[in-house]
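Every number in this text was worked out from the coordinates using simple rules, so none of it is lab data. Since the model is a prediction, treat every value here as computed from it, not as a measurement. Methodologically, a virtual Cβ is constructed for each residue, glycine included, from the backbone with ideal geometry; neighbour enumeration extends over all protein chains shown.
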Amino acid sequence: MRRTYRRPGSGFSGRNRKIVIGAVAAVVLGGGLAVGTGLSSASTFCDGLDEQIRATQQYMVEQRAAPNAQTEAILANRQAVIDLINVQKAQGGCEGAQAAQPPAAQPPAAQPPAAEEPEAPAEEAPAEEEEAAGDVVCAGSTVTLSGEAGAPAASSGTFPIGTRLKVTNLDNAKSITVTVATTSGSCILLNDAAFEEVREPGKFLIRRAVIERVG
């Protein structure tokens, strides 16, 4: 009866060798899967930190655009948050882990220059007021002397004392304004001084006269 001897080191059959090879392949494949998953997780981690930095910087820009009493404290706090996130990026092996600076605030838009108000026109010096024309009275009346002396004045039986009357001699265009000082029986009589201002030489009667009540 023959005995069969197995060569040393040949303890695995063909079937056993296939099982071992399959197991090794599984280990290698599983390790590669773990490495890939780790890289994917690291990328997601870094992207999340970058997004936090961008959101914080945008918040800082909005605070600068509408500042209030708490703005400086808020900006300092948010900058500290960005610095902490950058530390986490450095520890996690993320690229670009340098300290991020908040974006500079946009300069305020230039305001258009205020329109200059037009200068008010210089007021003209008031011209000397001409004596306003009055109501024509005593139409058709002639004017003569009362014979009274003194400063130019008039007497009248039509108008009360104190009334101002303007007499114009149409023959020489001379006129005088006098105040009624006394009473007479005519519409108007001029005293000697007033008559001399408007008379024609050698005449003691003004036939063509215009009498106006003024004031």
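Quick rundown of the values:
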quantity: Shape of the stretch 135-214, Cα gyration tensor, a/c cut at 1.5; calculated: oblate
quantity: Relative packing of 151-159, 200-208, which averages over residues the other C-beta atoms within 10 Å, highest first; calculated: 151-159, 200-208
quantity: Per-peptide average of other Cβ atoms within 10 Å, ordering 63-74, 187-198 highest first; calculated: 187-198, 63-74
